[in-house]
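The values are calculated or read from the model by the stated rules, or taken from the named source; none is laboratory data. The model shown is predicted, which means the values in this text are computed figures rather than measured ones. Don't worry about glycine lacking a Cβ; one is built from the backbone with ideal geometry, like all the others, and counts go over all protein chains shown.
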Amino acid sequence: MSPNNKTPGVIESLQTEVENFPAPPHFVETAQFGPEIYQQATQNPEEFWAEQARALHWHKPFTQTLDWSNAPFASWFGDGEINLSYNCLDRHVLAGNGDRVAIHWEGEPGDTRTITYHQLLGEVKKAANLLTSLGVTRGDRVAIYLPMIPEAVIAMLAVARIGAIHSVVFGGFSAESLRARIDDAQAKIIITADGGWRKGRVSPLKPAVDEALALATETPLSVEHVLVVQRGENDIAWEEGRDLWWHEEIAQVDDQHTAQGFPAENPLFILYTSGTTGKPKGILHTSGGYLTQASFTHRAVFDLRPETDVYWSTADIGWVTGHSYVVYGPLSNGATQVMYEGTPETPTWSRWWEIVERYGVTIFYTAPTAIRSFMKQGREVALKHDLSTIRLLGTVGEPINPEAWLWYREVIGAGTAPIVDTWWQTETGAIMISPLPGVTATKPGSAQVPIPGISIDVVDDNADHVGRGNGGLLTVTKPWPSMLRGIWGDPERFIATYWRTFGDKYFAGDGARLDADGDIWLMGRVDDVMNVSGHRLSTTEIESSLVSHPSVAEAAVVGAQDEVTGQAVVAFVILKKNQTLIGDSDQASAILTAHVGNHIGAIARPRQVFVVGELPKTRSGKIIRRLLKDVAEGREVGDTSTLADTNIMQLITEKLR
Ligand code: ATP
Ligand code: MG
């Protein structure tokens, strides 16, 4: 029996209020979207989205907005016809902006390419003709397994241009993971490279493709051709007839291509989630609604000025952020952006800041995990560089601890750049919760408010609104344009995962709380909520408390079985380089347990604190807490297939013994 009589599903919050930062006057004065936009959107959300959709080019204008009669399978702008590649390219060239730089690309070894909209369109037209010549037609699946090189963007837009479906697989995935995704989508073509530069050497990709295609699986092999971009110049095996060099084939096709319109609900891509909670899901997105929300949010949340801004999202195209905020959002808005192939620490931890300086980056979007890595190195690394062009910062992927938020603003944003903490998922397709930089006073650690046109509620297990000051389950209460249209080939799993809990509301799987102002604070995954002496506690707040200690760079907490309290808080921390306050592991436990006790209260005090060198993360950099829970409870470690570095769990297990 629980000693407190809270409503089931309510997550307790221990956090105290923090200072906020009003929108800077120059953002307010020049805001493209002022406070009235919320009111407009609330009055008639569907009409609001129709208006945003009309900002795009439609081959055939739509007359219907939302059809929800077959819920939870939505249709947006269903009778309209659109071509996404046309919207990202032809439209800007026709408007006279062909000479604008679309991509400032930098390879890890330091080689560069500058690609204008006119040039990008030319490349995409050829690639579209190439795919057509290989027999790819509307609805066919094309797998893309490429490093962060311009061909990745070109390939995606070429697939979209001919109405086919791309399935981008992150280049760090193994042959087995790649094959599983190829089989699931039944991809006809795979586009890869001989390799890509990572950490100062060529990381081979084509060999992984060869291995994937040679695996014996239950599904007959669907792949007919492998298109290979030459990037790494390494020796690779070649299967005549099946394998084709991209540069040789491209040279032979016509450079003219007229984009035709496809129905708004034509599928655009399948993308597998990052696998933090378990087996990845093949999320399906379609065209018109997806582009509407990706495009609008990229303009509104980042206050984009396409004529003057230099935008940089550090996300890989293998993740949804790379789809929506490297490819479709920025390019549909005619933005100039930076694209970088390699890792942030190659050749030194200065690399990203050199890039910011070199291209004059004005808007910078990255993940909390990257910010914490830079915190660990010390602020001097970034401060050596001229970052004065940066005017806006963004984060995505995990809750950002207030300490990291403040560091980001102060060190990277010169103490003045607003930060947009954007909450969304592969499933939502585009940003759902975020401040608007010309409107919202930002709060460190909070994603704050639904974007205009989006309805969010935080509820208890009975679907009742939790009210301000309380935590519960995050839900989306109305359909939205860029929502997933299903899980590829598995409608049952789609309904069971997202719709069965509440019936009419989309359940995101995340915990959240509403503060006294009604602002939303993400509290981590509901699966990770701990039950300590009957108190339901979230991981995020205790981790943020640990990170607020001056010696701690990163923290992960889990609830481990405990005879006395049901579950007990067990923490894993990474210490900052050159910190001197904590000498050894025994000291860490005493110091940090006391710190959390003083900071947020005795109930949250960890039973144990382990100092570790690394934490288990997905390939997109998110902490996988379920594996730490296995260790903390002395169990065999569970499914590690989505782990970026499989050695880490072994190191942690050995350390704990
Ligand atoms: P899987 O669903 O396979 O476990 P995943 O949830 O990590 O993988 P993504 O779709 O890449 O896959 O991540 C979405 C999740 O990331 C969200 O549900 C949330 O938990 C977290 N997230 C993203 N942005 C934020 C943010 N700004 N604040 C807090 N959490 C965030
Ligand atoms: Mg998820």
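Would you mind finding the one in Val439, Val458 that is among the β-branched types (Val, Ile, Thr) and in a loop (DSSP other than H, G, I, E, B)? Among Val439, Val458, only Val439 is among the β-branched types (Val, Ile, Thr) and in a loop (DSSP other than H, G, I, E, B).
Inspect segment 275-292 for any residue being in the same structural domain as Lys206 (by TED's automatic domain parsing), within 15 Å of ligand 1 (Cβ to nearest atom), basic (Lys, Arg) and within 30 Å of Trp423 (Cα to Cα) and give the result as yes or no. Within segment 275-292, one or more residues are in the same structural domain as Lys206 (by TED's automatic domain parsing), within 15 Å of ligand 1 (Cβ to nearest atom), basic (Lys, Arg) and within 30 Å of Trp423 (Cα to Cα). Restricting the first member to segment 392-411 and to residues that are under 17 Å from Leu546 (Cα atoms), and the second to residues that are part of a strand (DSSP E or B) and within 11 Å of ligand 1 (Cβ to nearest atom), the beta-carbon pairs closer than 6 Å and six or more apart or on different chains are Pro399/Leu522; Ile400/Asp421. For the residues Ala447, Ala370, the requirement of being under 22 Å from the mean Cα position of the chain (by Cα), within 16 Å of ligand 1 (Cβ to nearest atom), surrounded by fewer than 19 Cβ atoms within 10 Å (Cβ to Cβ) and outside the structural domain of Ser544 (by TED's automatic domain parsing) singles out Ala370. Restricting Thr501, Thr565, Thr539 to those that are assigned by TED's automatic domain parsing to the domain that holds His599, touching a strand residue (DSSP E or B) at 6+ places or on another chain (Cβ under 6 Å) and within 16 Å of ligand 2 (Cβ to nearest atom) reduces the list to Thr539. Condition test on Ser174, is it surrounded by fewer than 20 Cβ atoms within 10 Å (Cβ to Cβ), in contact with a helix residue (DSSP H, G or I) (Cβ under 9 Å, 6 or more places away or on another chain) and modelled with pLDDT under 95? For Ser174, the condition - surrounded by fewer than 20 Cβ atoms within 10 Å (Cβ to Cβ), in contact with a helix residue (DSSP H, G or I) (Cβ under 9 Å, 6 or more places away or on another chain) and modelled with pLDDT under 95 - is met.
Entry remark, segment 406-430: residues being more than 16 Å from ligand 2 (Cβ to nearest atom) and either assigned to a helix (DSSP H, G or I) or under 17 Å from the mean Cα position of the chain (by Cα) (or both) number 10 in total.
For the residues Asp510, Asp527, the requirement of being within 12 Å of ligand 1 (Cβ to nearest atom), out of contact with any Ser or Thr (no Cβ under 7 Å at 6 or more places or on another chain) and of a type in the set (Asp, Glu) singles out Asp510.
The single condition among (1) over 30 Å from Trp352 (Cβ atoms); (2) surrounded by 23 or more Cβ atoms within 10 Å (Cβ to Cβ); (3) touching a residue at least 60 places away in the same chain (Cβ under 8 Å) that Lys60 does not satisfy is (2).
Scanning segment 30-40 finds one or more residues that are farther than 23 Å from Tyr290 by Cα, assigned by TED's automatic domain parsing to the domain that holds Phe296 and in a helix (DSSP H, G or I).
For Arg536, the criteria (1) closer than 28 Å to Thr501 by Cα; (2) at pLDDT below 95; (3) not in a strand (DSSP E or B) hold in every case but one, which is (3). In segment 253-279, the residues that are free of Cβ contacts under 8 Å to residues at least 12 places away in the same chain never reach a residue that is of a type outside the set (D, E, K, R) and outside any strand (DSSP E or B) with C-beta atoms less than 6 angstrom apart, at least six apart or across chains.
Reported count of residues in segment 613-652, each being surrounded by fewer than 20 Cβ atoms within 10 Å (Cβ to Cβ) and closer than 12 Å to Phe572 by Cα, is 2. Evaluating Gly275 against the criteria (1) within 16 Å of ligand 2 (Cβ to nearest atom); (2) within 23 Å of Ala74 (Cα to Cα) leaves one unmet condition, (2). For segment 431-440, the condition of being more than 30 Å from His385 (Cβ to Cβ) and within 16 Å of ligand 2 (Cβ to nearest atom) holds for at least one residue. Within the option set Asp528, Asp510, Asp519, being on the phi < 0 side of the Ramachandran plot, touching a Lys or Arg at 6+ places or on another chain (Cβ under 8 Å) and at pLDDT below 95 holds for one residue only, Asp528. Suppose the filter is away from ligand 2 (no atom under 16 Å from the Cβ) and at pLDDT below 95; does Asp316 pass it? It is false that Asp316 is away from ligand 2 (no atom under 16 Å from the Cβ) and at pLDDT below 95. Taking the listed residues Glu240, Glu249, the one that is surrounded by fewer than 22 Cβ atoms within 10 Å (Cβ to Cβ), free of Cβ contacts under 8 Å to residues at least 24 places away in the same chain, assigned by TED's automatic domain parsing to the domain that holds Glu36 and of a type outside the set (A, V, I, L, M, F, W, C) is Glu240, with no other qualifying. Please work out if Ser222 is touching a residue at least 12 places away in the same chain (Cβ under 8 Å), crowded, with 19+ Cβ neighbours inside 10 Å and either within 16 Å of ligand 1 (Cβ to nearest atom) or not in a strand (DSSP E or B) (or both). No, not satisfied.
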